[in-house]
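The values are calculated or read from the model by the stated rules, or taken from the named source; none is laboratory data. Here the structure is a predicted model, which is why all the values come from computation and not from measurement. Here the Cβ positions follow ideal geometry from the backbone for every residue, glycine too, while neighbour counts run over all protein chains shown.
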Amino acid sequence: MPAKGDGLVSKYINRHFSRPLTSLILYFWPNCNPNLISIISALTGIISSILFCMNFPIMGGILVQISSIIDGSDGEVARANGRTSFFGGFFDSVMDRYVDVFIFLGLTFYSLNVLLITHAFLLGIITIIGAYSISYTAAKVELKEGINFSRTIQGRDTRLFLVFLAGICAFFTDWAIPVCLISISILTHVSVILRINQVRKEKDLE
């Protein structure tokens, strides 16, 4: 039950775990409210951010990836039991934005192990702006015909997977977390610039 717009991580990794999870949920609770799954995913992500703040990066990274997998189940459950709705998609998107802020704040606090406070928080702010901008640009053209943004590696699934990898790599070096923030900042801001250029070209063709 892949969703339209799945990134590479969702398509080739997350769905292999979310589909069995969805089947299990539907087996025990056929009429499950998908919004409840969105809440569970959000809480898992928030807990992961707390673990990063408490200097438990490996557990934090693992929970980030679990949150990402659970986040794929809400849509699968909704489609399976016929409970898809505009509110459900809207609610899930809003929860994702809150969770992203918590996660990047957790990474920012962890980065204080190797960075000065001003550098760490500046990096965190830049990363949060990039994550929000990539989501905002997608939302702005969602209903615009003829414009489709690539989401192969630009999606939230990729960002969270990078956080997961950074959490594991932090076992070897604390620099893994700042490098992760830098990588996500570059990925998101470059993607936003490319999207702006894409929309400009599409407009010129009208």
Worksheet entry | segment 11-40, subset among the aromatic types (Phe, Trp, Tyr) and under 17 Å from the mean Cα position of the chain (by Cα), residue modelled with the lowest pLDDT | TYR12
Worksheet item: If you check LEU181 against the conditions, is it modelled with pLDDT of 95 or more, within 12 Å of the chain's Cα centre (by Cα), within 22 Å of SER93 (Cα to Cα) and not charged (D, E, K, R)?
Response: no
Fill in: Set SER191, SER133: member being surrounded by fewer than 18 Cβ atoms within 10 Å (Cβ to Cβ), in contact (Cβ under 8 Å) with a residue 12 or more places away in the chain and either more than 16 Å from SER48 (Cα to Cα) or out of contact with any Lys or Arg (no Cβ under 8 Å at 6 or more places or on another chain) (or both)
SER133
Worksheet entry | Among the residues listed as ILE39, ILE25, ILE70, the single one being part of a helix (DSSP H, G or I) and closer than 25 Å to ILE168 by Cβ | ILE70
Practice prompt. Kindly indicate the residue of segment 145-159 that is surrounded by fewer than 18 Cβ atoms within 10 Å (Cβ to Cβ) and of a type in the set (Val, Ile, Thr) and also farthest from the chain's Cα centre (by Cα) among those meeting that condition.
Written response: ILE147
Worksheet item: Looking at SER93, is it touching a residue at least 12 places away in the same chain (Cβ under 8 Å) and farther than 30 Å from VAL199 by Cα?
Response: no
Worksheet item: Residue check, SER93 against (1) farther than 19 Å from GLN65 by Cβ; (2) modelled with pLDDT of 95 or more, all met but one. Which one?
Response: (2)
Discussion item. Yes or no: segment 156-179 includes at least one residue that is within 17 Å of TYR98 (Cα to Cα), in a helix (DSSP H, G or I), out of contact with any Leu (no Cβ under 9 Å at 6 or more places or on another chain) and not polar (S, T, N, Q).
Written reply: yes
Fill in: Options PHE56, PHE52, PHE102, PHE90: the member that is aromatic (Phe, Trp, Tyr) and farther than 26 Å from ASP174 by Cα
PHE90
Discussion item. With the requirement that a residue be over 13 Å from GLY61 (Cβ atoms), of a type outside the set (A, V, I, L, M) and buried (at least 22 other Cβ atoms within 10 Å of the Cβ), what does segment 160-184 give you?
Written reply: PRO178
Worksheet item: Looking at segment 99-110, is at least one residue among the acidic types (Asp, Glu), in contact (Cβ under 8 Å) with a residue 24 or more places away in the chain, part of a helix (DSSP H, G or I) and within 18 Å of GLY7 (Cβ to Cβ)?
Response: yes
Discussion item. Out of everything in segment 54-87 that is without any contact (Cβ under 8 Å) to a residue 40 or more places away in the chain and of a type in the set (Gly, Ala, Ser), what residue ends up being surrounded by the fewest Cβ atoms within 10 Å (Cβ to Cβ)?
Written reply: GLY82
Worksheet, complete the sentence: Checked pairs for segment 14-36, first within 17 Å of SER67 (Cα to Cα) and without any contact (Cβ under 8 Å) to a residue 60 or more places away in the chain, second outside any helix (DSSP H, G or I) and of a type in the set (A, V, I, L, M), C-beta under 9 Å and 6 or more apart or across chains, list as ARG15/MET1; ARG15/ALA3; SER18/MET1; ARG19/MET1; THR22/MET1
